[in-house]
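Encoded as structure tokens, the structure appears first; notes follow it.
The values are calculated or read from the model by the stated rules, or taken from the named source; none is laboratory data. What you see is a predicted model; the values in this text were computed from it and never measured. Neighbour counts run over all protein chains shown; Cβ positions are idealised from the backbone, glycine included. Each accessible area value is taken on the protein alone, full model and side chains, heavy atoms only, with ligands, DNA and RNA left out. Shrake-Rupley method; radii C 1.70, N 1.55, O 1.52, S 1.80 Å.
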Amino acid sequence: MTTTVRTLSWTSFQTVLNIITLKGSSIACCCYFRVSVSMSKYKTSGNKASNDSGKSEERVGRSCVRYKCGLLNTIQDVLRQRPNWVEVKDDGEWDFNWCDVGWLRENFDYTYMEEHVRINHFRNHYELTRKNLMVKNLKRYQKSLEKDVGRVEASKCDFFPCTFALPSEYHLFVEEFNRSPGSIWIMKPVAKSQGKGIFLFRKLKDIIDWKKESYRSEEQKDAAHVENYVAQRYIENPYLISGRKFDLRVYVLVTSYIPLKAWLYRDGFARFSSTRFCLSSIDDKYMHLTNVSVQKTAPEYDPEKGCKWQMQQLRRYLTAKHGREVVETLFKEMDNIFIRSLQSVQKIIINDKHCFELYGYDVLLDQNLKPWLIEVNASPSHTPSSQEDYGMKYRLLEDTLNVVDMEGRLTGKENRVGGYDLMWNNGPVYREDVGLQTFGSSCFAANTYLGCVNDREKQLHHLFKPLPFQKKA
């Protein structure tokens, strides 16, 4: 109730409260209590900007942006070096907040935000970023497509491995497991990251101990200790480079869900395992898990070289080996993954004009160059693994702030801002610089350039005019 009230005008709020009151005095009392508590918090919150300046508080461009940041990595450097942005501590009033999901969970519903304020998560971002909910929403979306449009359209969502939520779907999982004996499955905790708690298995007895422990906790009715997992069919034929497995980290920025507005960043990277791939040893985490947090503990890990390729390097490699047309098809299929996954939660995510989300997509290629969505991260790591990685993440975060545009420099009609290209704006966005004959007379080319040249500095120079309050270099 608090979230809904927070986004309504005062007139709409009074209307909603009147309707609730008609439903019954007990409900009305409950709602009045929640609202009273929230409104009192609004009055004491340090996040409300002053109204002394009247209309100057409208979002028309701010000469000074007060920011709050709960993370100590690259984003802190970007914020501190941004002209005329000032950090506030503790309960200080802020205009922009880059918070972790823990802060969001504890404070979002009780924080009053004026028109210009921005925060880096949607309230229920987890609908896409928790492994079990992501699959649940994708399955539901795929079924709705099949019902409303047909199987051909629904088949465009066949980009995630067969997955079951455990323990709730354990019996369904066992049925599927028995249909293909000997196949490899991977178990993942739904709410952990950096490769923690992940293991591969071939036999049901390998997870019996886990299952017994889960049931024991349920019998004790201690739900807080029941850890949920997903069991996912392992991709046994990954695309290999120099015999090593890798996955891709791609960045997608969503600034609105209704209507859906999504930006794709040109840079990204491939994360390689340090051990040559084979299926005879499924217990070797350095072979099967590509997470940097796992790989940097490998005996063969070289911190100077790292375990990454920039996306441009990977795209050049694939083009040289398979040809431009094949690679164009691959990257088009990845575009489909990004858009379909966002559409699967579009009606579920609580849209809020104050919110934006920078997602980190993890995509795996198989030997047929089919891309598979592994997971989506709400808090992709911005901690660099090398100087090159730091530079890429710094530019990514700087351009994220450029798109969010606290300074009010954009018109809202831009299809590109720095390294970001607008890929969806309540419908597909097409390239303006490519003739139809390049890709065939019957199709348009999407406005996406993942792994292409990122001449962001030149583009930003033409895009932005110096602000009146910015000092000339």
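Listed values, structure above:
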quantity	calculated
Accessible area of segment 236-389 belonging to carbon and sulfur atoms, whole % at 1.4 Å probe	50 percent
Long-range tail of P(r) for segment 309-355 (Cα pairs > 11 Å, %)	73 percent
Surface per residue (accessible, 1.4 Å probe) for segment 67-211, Å²	48 Å²
Residue pairs, from the table K143/K192; K261/K458; K156/K393; K131/K370; K156/K261; K321/K413, whose Cα atoms sit over 26 Å apart	K143/K192; K156/K393; K321/K413
Protein accessible area in segment 74-153, 1.4 Å probe - carbon and sulfur %	44 percent
Dipole of segment 67-192, positive direction: furthest Cα of A165, S183, Y110, with charges on the beta-carbon	S183
Cα centre as origin, Lys/Arg/Asp/Glu Cβ charges: segment 307-410 dipole, Debye	280 debye
